[in-house]
Structure formats: C-alpha cells, structure tokens
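The values are calculated or read from the model by the stated rules, or taken from the named source; none is laboratory data. No experiment lies behind these values; they were computed from the predicted model shown. Neighbour counts are summed over all protein chains in view; Cβ atoms, including those assigned to glycine, are modelled from backbone coordinates with ideal geometry.
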Amino acid sequence: MVLLWPAGRRRYGGFMQTAEVVIVGGGIVGSSIAYHLTAAGCKDVLVLERESAQGKGSTGKSMGGVRAQFSTPVNIQMSLYSIPFYASFEKRLGYPCDYRPQGYLFCATSDKHLAYLRANQEKQIALGLKNVRMVSGDEIRRMFPQLRADDILGGSFCSTDGFVDPYSAMIGFMTWAANHGAKLWKNTLVSAIQQDHGTFVVETTRGKVSTKHVINAAGAWAASIAKMVGIDLPVEPLRRMLVPTEPFDQFPHSAPMIIDMSSGFHFRPEALGFLLAWNDPEETPGYKTDFEPSFIEKILTRAADRVPVFENLAVNPKRAWAGLYEMTPDHHPILGEAPGVPGFFLANGFSGHGVMHAPATGKILSDLILTGKTELIDAKLLDLARFGEGRTIHETAVL
Ligand SMILES: Cc1cc2nc3c(=O)[nH]c(=O)nc-3n(C[C@H](O)[C@H](O)[C@H](O)COP(=O)(O)OP(=O)(O)OC[C@H]3O[C@@H](n4cnc5c(N)ncnc54)[C@H](O)[C@@H]3O)c2cc1C
C-alpha cells in the first residue's frame, strides 16, 4: 500500500488522510481557489473531483465570455480583478488561457435599454473601468454593416471584455497549484461530510479525509454538498445550450461578443465559424444536459433576424451542446463561510459568470480562509445570510 499522506492517521476504522484545506470540485472555480491558496503560501490543499478528468462539469461547456460590463458594483469589481488577471495569466502562471480582448458590444433597440447601458457605464467608469464607452447607432452600423441595425439606437462597448478558453485556464490554475504542493484526486466522489469537534471528515470513494476547512466548489451540484453539513443552499441548475456554426466568412472574425438586447441573442467568433447563444425563457430548472434539437431553429431565427447573412449559416446539430448554469435567486454568487458551520466555505451560484469571475473568487476565498477578510469586495454582500435577511442584490445584465 502506498501512503500518500505522511500525516495520515488511523481513525474511524480506516486510514485517515489529512489536508489543511479540502476543495470539493475541480472545475475552474475549485482550480482557481487551489491556485490562489497555494500562491498565498498554503501548501496543503487537496482538490477532490469525482470525474476521471477535469472540465466535465460546466467549465467544459462554457462560452468563455469575460466582461466587466455589469450593472452591480460587486460584479464589476470582481471583473476588474479577473480580466487583468486573465490578461496576464500566461506571465503569472506560465500556461496560456487564450485571452482575446475582442470586446463585448451591447446593442440597444429601446430608450429604456440605452438608458440602462448608460447608467451601467457610469458605474463601471466610477469603479475604474477604463475602456468602456457608449457608441451611437451610426457607429454600430459603420462597424458592422452586416447587422440589421435600422432599429439599433446605440450601445456600449468595452474593448478589454472578450473571451478566454475556460478549459485551458482551469488546467493552468490546477497545474500551477499542483506544481507548488497542491493535490488533485480525480475519480473521487465526495459522499458525506461529518463534523467532529471543529474538524471535518470528508468521506470519499477514495477514503476519508480530515480537515479544518472545506470549500464547496461543486458548481451546479453545490446544493447537495451543502446539504451534507445541513445547509440549504439556494443554487439551482439551469440548462444552457450553445450552437457552433460551420466555417463562415461573411462576418468579421475580429468581432466582439455582440448582444442583441431586443431578443437576448448573442454570438461571437469561434475558430472558423461562430458560436451562437440565446437564453430560452421556456427553459426550466433541472439537471438536463441533453441538447434539444428544436433549439436550433429557435436560435437560427433570431440569428438571421439580426444578422441577415446568417441565413447562409450551416450548422451541424451533432456539434451543438448543453450545460448547466448554477443559478441563485439574485444572480450573484454565494461566497464565504457558511453561517453556523465554521470552516465550511461556499464558492457557488455564479449564474452564468463562473469563468469570468473565477480569478476573483479564488482570491476572495483564499483571503477569507487565510486572513479572515478580503479587500477585493465587501464580502458581506455575497454571503449566504443575505437571502434570509432581505439583502439580495439583483444583477440584470445576465446573458
Ligand atoms: C452553455 C454555457 C455557457 C456559459 N458561458 C459562460 C461565459 O461565457 N462566461 C462565464 O463566465 N461563464 C459561463 N458559463 C458559466 C460557467 O461555465 C460556470 O459558472 C463555471 O464553469 C462554474 O465553474 P465551477 O468550477 O464552479 O463548476 P464546474 O465546472 O461544474 O465544476 C464543478 C465540479 O464539481 C464536481 N463535483 C460535483 N459534485 C461532486 C462530488 N460530490 N464529489 C466530487 N466532485 C464533485 C463536478 O464533477 C465538477 O467537475 C457558461 C455555462 C454554460 C453551461
């Protein structure tokens, strides 16, 4: 038998592994937390992932969009840490994340939406975002004459928004952490968590692990992990589908993420084609990860309505996919120590923004665990208690 943990001890009738911090879930959020803890000097971090490979949860299904164009200060602040982090990812970690600052262009077709973008932009600038600006309808028509833009009144554009490759970022975070002392156990399902005099015993298919700190980074499955310590976590899975097109050269590949605010349809260049997205309001919560073929017609109708040349798009339904958003009632993540369970930390409920906010989440969780506070945001805003205390903060800029 190989003893992986010299500090292991016999208890509970079997060999007990130990770790200073146990992270449940090896997606981009768990990996970023592992990186930030390790980089801050915590050398005994163990990440538990039930799958045989990382990225089989939401991270591997993501569209990879990163943006600071949000409506609430706390989301903007999280992006103000995360996007420069992605911009310098390779320099910091030595691995690529394929950050492409091609921007996000929101197109408004009503005065209400335009006023909303303007108010958001003022907040973003006040918080220190530099490259966001309002654009006129004429400017959008000049930038992209391929758009049907007769009803576009204007919009907002931020040139440092863009895309990353979520899989590469996740692997970069975890590889760096592993090279500096962290451990990743794959094929390791967490089945129960016991509390024993200020210590947790995490039961897994690979044995028990004793630790002072558990971090729930289980994505769309976070509520079941929280339930193991008696916490009712308001995080629900919601299916999102993406449709990649075959190679297409009648729209520029230097384009930003373009968002049609009248329908919610948005798209971005991907390889030689485009990646099409639309939030179907008829979707209901649940662990549905099958791609629904009827979605193709729904999305192509909206695509051709805004971009007439998209009538000529070719789509192979076999290449389309579905994944899960982890939704909270106010579309903000739940971060920090769980009330009544000291040492149990939450990093959940990103509501469609977990890739873009993974760097900030890693920093915040690492700060909270190692020092009890963080300067990055007012952590109280995102605690779990806000739901019981009427302190929810609604993000309306959700795609
Ligand atoms: C179609 C789609 C498009 C998206 N587009 C964007 C986008 O453009 N920008 C953006 O920022 N975000 C986007 N998102 C959201 C983003 O992908 C998620 O918020 C993010 O990946 C969450 O990361 P995570 O690490 O928390 O979760 P996951 O990547 O789901 O990782 C959680 C891990 O926990 C593991 N796990 C669960 N239960 C257990 C257990 N009991 N024991 C051990 N391991 C367990 C799972 O196997 C999984 O690997 C998109 C999501 C989807 C589905």
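Yes/no matrix, rows are residues, columns are (1) within 15 Å of the ligand (Cβ to nearest atom); (2) in a loop (DSSP other than H, G, I, E, B); (3) outside the structural domain of R268 (by TED's automatic domain parsing); (4) on the phi > 0 side of the Ramachandran plot:
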| site | (1), (2), (3), (4) |
| --- | --- |
| S52 | yes, yes, yes, no |
| G55 | yes, yes, yes, yes |
| S71 | no, yes, yes, no |
| Y95 | no, yes, yes, no |
Worksheet, complete the sentence: Within the range 226-270, of all residues that are touching a strand residue (DSSP E or B) at 6+ places or on another chain (Cβ under 6 Å) and among the basic types (K, R), the one nearest to V202 (Cα to Cα) is R239
Discussion item. The conditions are (1) of a type outside the set (D, E, K, R); (2) more than 22 Å from A360 (Cβ to Cβ); (3) more than 9 Å from the ligand (Cβ to nearest atom), and L48 fails exactly one of them. Which is it?
Written reply: (3)
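Yes/no per residue for (1) part of a loop (DSSP other than H, G, I, E, B); (2) outside the structural domain of G55 (by TED's automatic domain parsing); (3) small (G, A, S):
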site: E311; (1), (2), (3): no, yes, no
site: P342; (1), (2), (3): yes, no, no
site: G362; (1), (2), (3): no, no, yes
site: L365; (1), (2), (3): no, no, no
site: T374; (1), (2), (3): yes, no, no
Item to complete: Take the range 150-161 and flag every residue that is part of a loop (DSSP other than H, G, I, E, B), surrounded by fewer than 22 Cβ atoms within 10 Å (Cβ to Cβ) and in contact with an Asp or Glu (Cβ under 9 Å, 6 or more places away or on another chain).
Response: L153
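For (1) surrounded by fewer than 17 Cβ atoms within 10 Å (Cβ to Cβ); (2) of a type in the set (D, E); (3) not assigned by TED's automatic domain parsing to the domain that holds L153, each residue gets a yes or a no:
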{"residue": "M228", "(1), (2), (3)": "no, no, yes"}
{"residue": "M241", "(1), (2), (3)": "no, no, no"}
{"residue": "P247", "(1), (2), (3)": "yes, no, no"}
{"residue": "Q250", "(1), (2), (3)": "yes, no, no"}
{"residue": "H253", "(1), (2), (3)": "yes, no, no"}
{"residue": "L275", "(1), (2), (3)": "no, no, no"}
{"residue": "E283", "(1), (2), (3)": "yes, yes, no"}
Worksheet item: Residues of the range 351-386 being under 22 Å from A177 (Cα atoms), hydroxyl-bearing (S, T, Y) and within 11 Å of the ligand (Cβ to nearest atom), which ones?
Response: T361
Discussion item. Restricting to the range 321-340, name every residue that is part of a loop (DSSP other than H, G, I, E, B) and not aliphatic (A, V, I, L, M).
Written reply: T328, P329, D330, H331, H332, P333, P339, G340
Practice prompt. Those residues that are touching a residue at least 60 places away in the same chain (Cβ under 8 Å), within 17 Å of T328 (Cβ to Cβ) and in a loop (DSSP other than H, G, I, E, B), I need them from the range 376-391; list them, please.
Written response: I377
Discussion item. Criterion first (touching a residue at least 40 places away in the same chain (Cβ under 8 Å) and either among the aromatic types (F, W, Y) or closer than 26 Å to G55 by Cβ (or both)) does P339 satisfy it?
Written reply: no
Item to complete: May I ask you to list the residues in the range 135-147 that are surrounded by 15 or more Cβ atoms within 10 Å (Cβ to Cβ) and either part of a loop (DSSP other than H, G, I, E, B) or not assigned by TED's automatic domain parsing to the domain that holds S254 (or both)?
Response: F144, Q146, L147
